[in-house]
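The values are calculated or read from the model by the stated rules, or taken from the named source; none is laboratory data. None of these values were measured; they are calculated from a predicted model. Virtual Cβ from ideal backbone geometry, glycine too; neighbours counted across all protein chains shown. The accessibility values were calculated without ligands, DNA or RNA, using every heavy atom of the protein model including side chains. Shrake-Rupley method; radii C 1.70, N 1.55, O 1.52, S 1.80 Å.
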Amino acid sequence: MTAATAGLQLPEPSATARALLSDGSVTVVRRHGNPHGPRVVFSHGCGFAADLYWPYWSLLVDDCDVVVYDLRSHGWNEPSDLRVHNMPTLADDNRRILEAVQAAFGAKPTIGVYHSLATMPALMHEHQWPAFAGLLLFDPPIFPPGAELDDMETVCQGLAAMARRRPRRFESPQELASMLKKSPAFSLVSEAVQQLFAETTLRPAPDGGYEMRCPPEHEAQLFEWYFGHSMQALEVLDEITIPIKVVGADPTAPFSFLPSTDLSTLTELDYDYLPDLTHLLPLEDPESCAAITTEFMQRIGHFPVPIAH
């Protein structure tokens, strides 16, 4: 799949591999960049797609062995059975996907980079089946003691309800891109990335037009799981020993998608936030997020960044 957008051209991967999941569905993983560099594995937020974040991970490909994949029922993957569309399944998917990456592209230390929803299965994966050398989490749903959990539950239920009401079909990707221009959640995202969102989250419908790659009911069900597992994040973190870097949105900024929490009181976390950005920070400021990624890789020592070939 390629996506041509206003000023953005998504490249073809240098290699792909298929990860067989527990229910027989398949996730396609894609390799980009420098195969001799340190390995970065990336996945995305709910209802999104890994290719949408190309403005971010494209800044790593000169030096890094970048592998991207979509959550089940997202992106390149066909919709799976809604009955198994939950966090424990996604954690098991993560394990199987990383095993497929190592088998297809060679075993090497791996840093996992995840945004939003994808951070929870990654933490559950590392907790149950340690596999990463480090994790970089962009605005994960981690809520410290004293946080307004009732508010978060209301937000998640509201997002689930909104997902079920969203349009399922569009005449063209441009129709969706035009809607995003009016959305407060995407007000800090460039028009080119808004167009990329439309290109990467829609697929041609069998009877004409376009449909969402992630069916609305799949997206909604994940938001309903989101809240309960966000409360378990601290317990999971207590038992993980690898370096973890958390980069949050500005906790003082009004949220238009998901709220961001100030995690500076959690001394066990290496936490920073990016001022004036929202939950969609890798899409809003990919350059800053890429610079933080490189700094984290250098600091933990497993990933001395090589000279680009």
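Numbers at a glance
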read-out	value
Region 20-68: number of residues that are closer than 23 Å to Leu280 by Cα and in contact with a Cys (Cβ under 7 Å, 6 or more places away or on another chain)	3
Subset of region 96-131 (residues that are open to solvent by 60 Å² or more (accessible area, probe 1.4 Å), in contact with a helix residue (DSSP H, G or I) (Cβ under 6 Å, 6 or more places away or on another chain) and outside any loop (DSSP other than H, G, I, E, B))	His127
Conditions (1) open to solvent by 10 Å² or more (accessible area, probe 1.4 Å); (2) in contact with a helix residue (DSSP H, G or I) (Cβ under 6 Å, 6 or more places away or on another chain); number of the one not met by Cys156	(1)
Selected residue (only one of Val84, Val28 is open to solvent by 10 Å² or more (accessible area, probe 1.4 Å), closer than 28 Å to Ala177 by Cα and β-branched (Val, Ile, Thr))	Val28
Residue within region 169-184 that is among the small types (Gly, Ala, Ser), within 28 Å of Ser288 (Cα to Cα) and open to solvent by 10 Å² or more (accessible area, probe 1.4 Å) present	yes
Filter pass, Ala19 being under 27 Å from Ile240 (Cβ atoms), open to solvent by less than 10 Å² (accessible area, probe 1.4 Å) and in a helix (DSSP H, G or I)	no
Ala192, sole failed condition from (1) open to solvent by less than 70 Å² (accessible area, probe 1.4 Å); (2) under 30 Å from Met124 (Cβ atoms)	(2)
Yes/no for Ser58 being open to solvent by less than 20 Å² (accessible area, probe 1.4 Å) and of a type in the set (S, T, N, Q)	no
Of all residues making up region 67-95, the number that are part of a loop (DSSP other than H, G, I, E, B), under 20 Å from Met124 (Cα atoms) and either modelled with pLDDT under 95 or among the basic types (Lys, Arg) (or both)	3
Of the criteria (1) in contact with a Gly (Cβ under 8 Å, 6 or more places away or on another chain); (2) not in a loop (DSSP other than H, G, I, E, B), which one Ile242 fails	(2)
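For every residue, the table says whether it meets (1) open to solvent by 30 Å² or more (accessible area, probe 1.4 Å); (2) at positive phi; (3) outside any loop (DSSP other than H, G, I, E, B).
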| residue | (1), (2), (3) |
| --- | --- |
| Gly208 | yes, yes, no |
| Trp225 | yes, no, yes |
| Leu234 | yes, no, yes |
| Phe257 | yes, no, no |
| Thr265 | yes, no, no |
| Thr278 | no, no, no |
| Ser288 | yes, no, yes |
| Thr293 | no, no, yes |
| Gln298 | yes, no, yes |
